[in-house]
1. Along the positive direction of the dipole of the chain (beta-carbon charges: Lys, Arg +1; Asp, Glu -1; about the Cα centre), which of LEU8, ILE199, GLN152 reaches farthest?
2. Grab the DSSP H runs of the chain that are 4 residues or longer, score each as -39,500 (n - 2.57), total them, divide by all residues and round the 222 nm result to the nearest 500 deg cm²/dmol.
3. What's the ranking of 195-205, 113-123, 94-104, 19-29 by average number of surrounding C-beta atoms within 10 Å, highest first?
4. What list of ³J(HN,Hα) values in whole Hz, one per residue of the stretch 168-175 in order, does the Karplus curve 6.51 cos²θ - 1.76 cosθ + 1.60 (θ = phi - 60°) give from phi, with Gly and Pro shown as x?
5. Rounded to two decimals, what is the ratio between the C-alpha radius of gyration of the chain and 2.2 N^0.38 Å?
6. Please name whichever of VAL35, ALA214, ILE71 sits farthest to the positive end of the charge dipole of the chain, dipole taken about the Cα centre and charges placed at Cβ: Lys and Arg +1, Asp and Glu -1.
7. Can you work out ³J(HN,Hα) from phi for every residue in the stretch 332-337, in order, using Karplus 6.51 cos²θ - 1.76 cosθ + 1.60 and θ = phi - 60°, giving whole Hz and x for Gly and Pro?
8. List the pair-distance distribution P(r) of the stretch 10-84, using every Cα-Cα distance, as the percent of pairs falling in each 5 Å bin from 0 up to the bin containing the longest distance, rounded to whole percents.
Amino acid sequence: MVKIMDELTERQKIILTLVTHEHINSALPVGSKVVVEKFNIGLSSATVRNEMSTLTELGYLRQPHTSAGRIPTDKGYRFFVGRLVREGEIPLSAQRKISHQFYQMRNDVEQWARLAASILAQQSNAASLITAPHSEHTKLQHVEFISTYGSQILMVLVLVGGELRQRIQNLNEPYSQERLSSVGHLLTQQFKGLETARIIQKVREFSDLELELAYIVGEEMERADATVSGEIYLDGITNVLAEPEFNDAGDARRALRVLEERTLLYELFSKTIMNNDEGTVQVLIGGEGTWDELKQCSIVLSKYGVPGIAFGTVGVLGPVRMAYGKTISAVRFMSGMLSEMVSQSHFEENIIAPNEVD
């Protein structure tokens, strides 16, 4: 008989925890005999079987086949995540190694994201999703113009918070690198720390090459304002495809489509964590009834950055049968690591050199 109140006894909580833990490790349905023999919880196989039947009626477990054991449902995983993996950290030795790796490339924002994606994929044995830091209120930090071929140039725009934007542009006529560098220095002095609207106002103060390049800066700043997230970096896709849940070609294609379709990922980020505090970890199980493409997947997400400066997203995607404790710990640590990098970058960028003081 199904309970009227959907509440679990302590014994049911223990059994649900053990079944979920064992299924995560084995990828197989878990029977009462396995629970009794492997975990020595002092209960008979019949008692455990009855409790597992009750948990099935309550929607926490399901039975893939009549004679098979049970596996957790999305509701079961949600209980497991909510109650049992709130704490935990990756080993201190790993933390020190990761911190040293980031310190070595502290001046290269693009490499932060690539390194974070690589480390998360290794730590979680799943697919990592990292977005580069994106300014909450776009402000210019530095601009450079590099001559490439003929009248073509490369503009490198660095925003407050570390976001890097690049653009190839054809000018009205070719200019020397010395002239382009001079204008880049001038515009950096004039525009540094300004938001897009103020830069657009100041554009009219220039003429000739300065005006042409200032317009390009203004246009790129407007594009940055319209962007909801920084560039997405992925790693560990083969980890996901190697899981038994994705042995079917159709399931594998759906998982790949989730990772490859940037619009879906941007929608996911904007609807889940953009209003969260930095460092808060959120777990999406089976698409949460919103994203059909994620029915067989779970995603662990966290926002990183510095309020009012820049933010980004740290995430891991894997099968619903994910090692949640290990993954949540890794995502939480990486969020803190990247927040520290954004903070340090902003501090270093705003140190005023003696010759810049009025």
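Here, each number is a calculation from the coordinates, and none is a lab measurement. Nothing here was measured: the structure is a model prediction, and the numbers come from that model. We place every Cβ from the backbone using ideal geometry, glycine too, and count neighbours over all the protein chains shown.
1. Comparing the listed Cα positions along the dipole, LEU8 ranks first.
2. -15500 deg cm²/dmol
3. The packing order, highest mean first, is 113-123, 19-29, 195-205, 94-104.
4. 8, 9, 9, 8, 5, 7, x, 9
5. Relative to the rule-of-thumb radius for its length, the chain sits at 1.25.
6. The listed residue farthest towards the positive side: VAL35.
7. 4, 5, 5, 4, x, 4
8. Per 5 Å bin, starting at zero, the Cα-Cα P(r) for the stretch 10-84 comes out as 3, 18, 33, 28, 15, 2 percent.
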